[in-house]
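Data first, discussion second: the structure below is written as C-alpha cells.
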Amino acid sequence: MTGAREAVLGRVRERLARSPDDETRARRDIAERLAGQRRGTQPARIDRDRAGLETLFVEKAEAVDATVAVVKKAQDVPEAVAGYLRERNLPAEAAIAPHAALDTMPWQGSALSLSRRAARGEDAVGIAYAFAGIAETGTLMLASGPDSPATLNFLPPTHIVVLHETDLVGGYEDAWQLLRDAGRGRGLDLPRTVNLITGTSRTGDIEQTLQKGVHGPKRLHIVMVRDGS
Amino acid sequence: MERSARAFTHNAHKALADDVLQDNLVKLKGNFLVRRERARDSLPEFDVLRDEAKAIKDHTLAHLDLYLEAFEAQVTATGGQVHWARDAAEARAIVLEICRAEGARTVTKGKSMIAEEIALNPYLEAHGIEPVETDLGEYIIQLANEPPSHIIAPAIHKNRQQVAELFADNHAHLDGRLLDDIDDMLADARKVLRERFLKADIGITGANFMVAETGQTIIVTNEGNGDLTQLLPRVHIALASIEKAVPSLEDVTTILRVLARSATGQEMASYTTFSAGGRRDGETDGPEAFHVVIVDNGRSAMLGSEVQDMLRCIRCGCCLNACPVYGKLGGHVYGTTYSGPMGSVLSPSLFGIDEMHHLPNASTLCGRCEDVCPMRIPIPRMLRYWRERETERGLAPSTARWGLNLWSAFASRPTLYRRLMRIGVGVLGRLGRRHGGFANLPLAGGWTRAREMPAPEGQTFQDRWQRGERP
C-alpha cells in the first residue's frame, strides 16, 4: 500500500514525540540493545554441572510425555531407534534427515528402511538431528537447513530426535549463543526455521481434555548420545 | 468479525439463560488458573521475570518506530518481504493481492487474533478464496460459523456433543454418524485437515512476536497446526500488529518464560517456532516466499495515551480465566474479537468508546486480572479511565447519570450530606432491625433479587469516625 509504511511509522513517531536529543540517545540505545545480547534473569534450576543438566533435561522432557534413551556411542543409535520402533510395533521405515552426523552411524545393520529426505504426508516415522537440547524445560532446538528439513518434525506421527550430549545447554540463551557461535545468527545464515520443541503435539480444545497428537507427532523419542563426538 | 458490543446487556441476559453454555463455563472455571499457579510455584523467578518482561515491552513501545524499522531491515536481509497496513481494509487487501499473484484457491490458517480482528475469512471467501482454519478449536467454530470465545481456547463454549454434531453435519464420510469419543473426533479432524494442509496454496499465520534483531516472526502453539500451515504451502504470510515487536532473542526469551505458564500452566508450549525468510539454497522443504503484514489498525493512537500499557498484552488469556464476569458469561457476549478484561480495555481503544461503552462496565473491578497478568497491565485503572470517558460523553444510561448527578449534588455539600445520611441511615436502621436486612428495596430491585441488603446499624460511618471509633 503506497504510503502506508510512512503513515504508520509517522503516527508512531508523532505519538512518541521524542526530542532531537532523545532521538540521538534512542538510536544509540537500541543499536546497543540489538548487538549486546543482554540476558535477563535465568532460572536458578539450570545452575548445575553437565551431569546435572542431563538429569534435568531427561526429567523435564519426560514430564511433557517425551521418552528419552541414552546411548554411549553414536554407533549405538541405529539399534536404539530400531529397538524403539520394534517394541511399539511401529513400521521399520522412516524418513531421515540427510545430516552428516547421522550419515556416519551404522544404519545398514539395523534392518531399518530409510529415505534421506524431507517428510511426506504418508511417512510414519521421521528421524531428525537436534541442533541443541535445553535442559531448563526439556526442550529440543532444531535448526532447518538442507541437512535438516523441518517437515520431519511435524508430519510423521512418530518423531525421533538424535541429540548429542555435548549440545546440551542450560537455558534458551545458551542455545541462542550456540547458534550465533556456529555463524548462524544473522541474515541468510540464520536458519529459515528454528523449532523449539517441548513434548508432543497436544490440544485441550474439546472440553479441555488433554489429547496428544492432534496434527503433529503423537510420539516424541529422544536418543541422547554420550560420546561427545 | 461482525461486532455486536452495543447489544452487551441483551447478550448477557441470553448467556445467563443458556443452560448448555453455563454448564460448559463451569467446567472452565479454575482449571487453567490452578495449572497456572502450579507452574508459577515451580519457578521461583516467576515474579522477577514478570517485572523484566514488563520493562522489555515498555522499552520497546518507547522506541517502537526504531524497532519496527530494524525488524523490516532484517526481514528483507533474510529474503522476506514486509508490507504495512494502516487499517483492516488495507491489511485484507494486501493478503488478497498476494493470494491473487500466486493464483491461490485455498489457504490454510493458523490461529490469529489479528486475522479475526480484520475479518479476513469472510473477505477471502467473498473473493473466491477458501480459508481453512487448522487449529482444532478454530476449525470447530468455523464449522459452527461463530467467532472465537476465548483467546487461547476458541471453542471453550462447546461441549463434545456439540462438536460431534458439527462433524456429523460437515464431514461427508461420517454420513451423519455422531462420534462419541473425543479420541475419535480428534482422529477424524486430523484426517480431514491433513488433506487440507497438503493441498493449500498459501499458509497464513499470526505472530506472537517479531524479533527486531533477526527479522524472525514467532508462533507459539501446542497442536503443530501452525507449523504445517507455514511449512507446506508455497507461500507463508504472517500477520502481526505493530506492538508485537521485541528487540532481541534474549528479550523474547524472558517473555516466553512467562507466556505459556500464564496461558495454560505449561512451562513451555509444545512448539515455539521462529521463522525467517523463504526457502534457502539446497533446502527441500519450507515455503518459497515469506511475507509479513504489519498492521496498525488503531494501535499507534494508543501510544502516549492513558491506555498505552494495554499494548504490552501478549494474549495469554489468563485475565479471562481469572475474571468472574467472563466466567459467568463467556466470550461471545462482548461482541468483539477481544473478550474479558483485556478486551474491555483494548476494544474501546481500537474501535471507539461510542460503540464499546458497555464493555468497561462488564467488570467488578476486583483486580484479579491485574494480579495474574504476566505483563503487569493495570487493567482496572484503564477500565476506570474508559468509564470516565463514557460518563463524560453521556453514553451511560440516563438513570445511572441521573442518579450520579443527584448523588454528587449532595456529596459536594458536606453538611447537608451528613444530615441527610443521618436521617436515611436512622430510618433504614429502625425499619430493618427486626430482620437484619431487606429482601427488596425500591430502585434496587435488580440488586436485591439475588441477595438481601443488610440493614444499617443506625449511625453513619462519618458520625462513628468523628467519635473516634476506628475499625
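The values are calculated or read from the model by the stated rules, or taken from the named source; none is laboratory data. Values in this document were obtained by computation on a predicted structure and should not be read as measured data. A quick note on method: Cβ atoms are made from the backbone with ideal geometry, for glycine too, and the neighbour counts reach across all protein chains shown. Just so you know, the surface numbers come from the protein's heavy atoms only, side chains and all, with ligands and any DNA or RNA stripped out. Shrake-Rupley method; radii C 1.70, N 1.55, O 1.52, S 1.80 Å.
Roughly to the nearest percent, how much of the accessible area of the protein assembly as shown is carbon and sulfur, given a 1.4 Å probe?
Values: 14350 of 28570 Å².
The computed percentage sits at 50.
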With the dipole of chain B defined by +1 on each Lys or Arg Cβ and -1 on each Asp or Glu Cβ, the option from B:78, B:303, B:276 whose Cα lies farthest towards the positive pole is B:303
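Starting from the coordinates of the alpha-carbon atoms of the range B:235-360, obtain the Kirkwood hydrodynamic radius over all distinct pairs and give the value in Å to one decimal.
Numbers: mean 1/r = 0.0588 Å⁻¹.
Over the range B:235-360, the inverse of the mean reciprocal pair distance is 17.0 Å.
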Going through A:212/B:328; B:191/B:244; B:54/B:111 one by one, the pairs whose alpha carbons sit over 31 Å apart turn out to be B:191/B:244
Percent of all Cα-Cα pairs per 10 Å bin for the range B:210-300, counting from 0 up to the last occupied bin, reads 15, 42, 36, 7, 0
Check: C-alpha center the range A:136-172 vs C-alpha center the range B:255-327, spacing in Å is 22 Å
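Peptide B:54-67: average number of partner chain Cβ atoms within 10 Å per residue?
Values: counts 0, 1, 3, 0, 0, 3, 2, 3, 6, 9, 5, 11, 13, 4.
The mean count of partner-chain Cβ atoms within 10 Å per residue comes to 4.
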In degrees rounded to 10, the 0-90 angle between helix B:46-62 Cα long axis and the longest Cα principal axis of chain B is 80 degrees
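Which percent, to the nearest 5, of DSSP beta bridges fully inside the protein assembly as shown are antiparallel?
Working: 25 of 75 bridges.
Just about 35 percent of them are antiparallel.
Go ahead and run the numbers for FRET between residue B:419 and residue B:464, Cβ-Cβ distance against an R0 of 22 Å, rounding to 0.05. Present the calculation step by step, with values, prior to reporting the outcome.
Details: r = 16 Å, r/R0 = 0.72.
Efficiency for this residue pair is about 0.90.
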In vacuo Debye sum over C-alpha of the range B:313-462, base-10 log of normalised intensity I(q)/I(0) at q = 0.09, 0.12, 0.21 Å⁻¹, listed in q order, is -0.41, -0.70, -1.20
For chain A, longest principal axis from Cα atoms; helix A:4-16 axis from its Cα atoms; angle between them, nearest 10 degrees, is 70 degrees
Whole-percent tail of the Cα-Cα distance distribution for the range B:96-196, cut at 16 Å, equals 59 percent
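When N counts the residues of the range B:423-471, how does its alpha-carbon radius of gyration compare numerically with 2.2 N^0.38 Å, as a ratio? Provide the component values of the computation, followed by the final result.
Working: Rg = 12.5 Å, N = 49, 2.2 N^0.38 = 9.7 Å.
It is 1.29.
Quickly rank B:276-282, B:428-434, A:7-13 as a protection proxy: mean count of other C-beta atoms within 10 Å, highest first. If you can, show how the numbers build up before the last one.
Values: B:276-282: 17.4, B:428-434: 13.6, A:7-13: 19.1.
In decreasing order of mean packing, B:276-282, B:428-434, A:7-13 become A:7-13, B:276-282, B:428-434.
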Looking at the range B:214-249, residues buried by 40 Å² or more relative to their chain on its own, accessible surface at probe 1.4 Å, turn out to be B:223, B:228, B:231, B:249
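Could you give the length gained by full extension between residue B:195 and residue B:77, i.e. 0.36 nm per residue of separation minus their alpha carbon distance, to one decimal place?
39.1 nm
For peptide A:34-46, compute the average count of partner chain beta-carbon atoms within 10 Å of each residue's beta-carbon.
Values: counts 11, 2, 4, 5, 6, 5, 14, 7, 6, 9, 3, 4, 0.
The mean count of partner-chain Cβ atoms within 10 Å per residue comes to 6.
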For chain B, the longest principal axis of the Cα atoms and the Cα long axis of helix B:8-17 enclose an angle in degrees, to the nearest 10, of 90 degrees
Plugging the Cβ-Cβ distance of residue B:444 and residue B:306 into 1/(1 + (r/R0)^6) at R0 = 22 Å yields, to the nearest 0.05, a FRET efficiency of 0.10
In vacuo Debye sum over C-alpha of the range B:156-311, base-10 log of normalised intensity I(q)/I(0) at q = 0.08, 0.09, 0.18 Å⁻¹, listed in q order, is -0.33, -0.41, -1.17
Residue-ordered couplings for the range A:55-61, obtained by feeding phi - 60° into the Karplus form 6.51 cos²θ - 1.76 cosθ + 1.60 and rounding to whole Hz (Gly and Pro as x), are 4, 5, 4, 5, 4, 6, 5
Rounded to the nearest 10 Å², the 1.4 Å probe accessible area of residue B:158 is 30 Å²
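Residues of A:131-139, mean number of Cβ from any other protein chain within 10 Å of their own Cβ, rounded to a whole number?
Working: counts 0, 0, 0, 1, 0, 4, 7, 2, 4.
Counting Cβ atoms of other protein chains within 10 Å of each residue's Cβ and averaging gives 2.
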Quick calc, the range A:120-229, dipole around Cα centre from Cβ unit charges on Lys, Arg (+) and Asp, Glu (-), nearest 20 debye, gives 240 debye
Distribution output for the protein assembly as shown: share of Cα-Cα pairs per 20 Å bin in percent, first bin at 0, values 17, 48, 26, 8, 1
Checked against the positive end of the charge dipole of the protein assembly as shown (+1 on Cβ of Lys and Arg, -1 on Cβ of Asp and Glu, about the Cα centre), the farthest of B:24, B:254, B:154 is B:24
Once amide hydrogens are built 1.01 Å from N within the peptide plane, the residues lying 5 or more places from residue A:161 or on another chain with amide H under 5 Å from its amide H are A:128, A:221, A:222, A:223
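Classify the range B:1-83 as rounded, prolate or oblate from the Cα gyration tensor: take a ≥ b ≥ c as the square roots of its eigenvalues, call it rounded if a/c is under 1.5, otherwise prolate when a/b beats b/c and oblate if not.
Values: a/c = 2.82, a/b = 1.50, b/c = 1.87.
Cα axes put the range B:1-83 in the oblate bin.
Rounded to two decimals, what is the ratio between the C-alpha radius of gyration of chain B and 2.2 N^0.38 Å? Write down the numbers at each step before the final one.
Working: Rg = 25.5 Å, N = 471, 2.2 N^0.38 = 22.8 Å.
Computed over Cα atoms of chain B, the ratio equals 1.12.
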Shape descriptor, chain A: equivalent ellipsoid semi-axes (Cα gyration tensor, sqrt 5λ, whole Å, largest first) stand at 39, 21, 19
Any aspartates and glutamates whose Cα falls less than 13 Å from that of residue B:199, other than same-chain ones fewer than 8 residues away, would be B:130
If each part is reduced to its alpha-carbon centroid, the range B:160-237 and the range A:58-81 end up apart, in Å, by 29 Å
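Would you please put B:386-392, B:294-300, B:203-209 in order of how densely packed they are, using the mean number of other Cβ atoms within 10 angstrom per residue and starting with the highest?
Values: B:386-392: 16.6, B:294-300: 23.3, B:203-209: 25.1.
Going by the mean number of other Cβ atoms within 10 Å, highest first, we get B:203-209, B:294-300, B:386-392.
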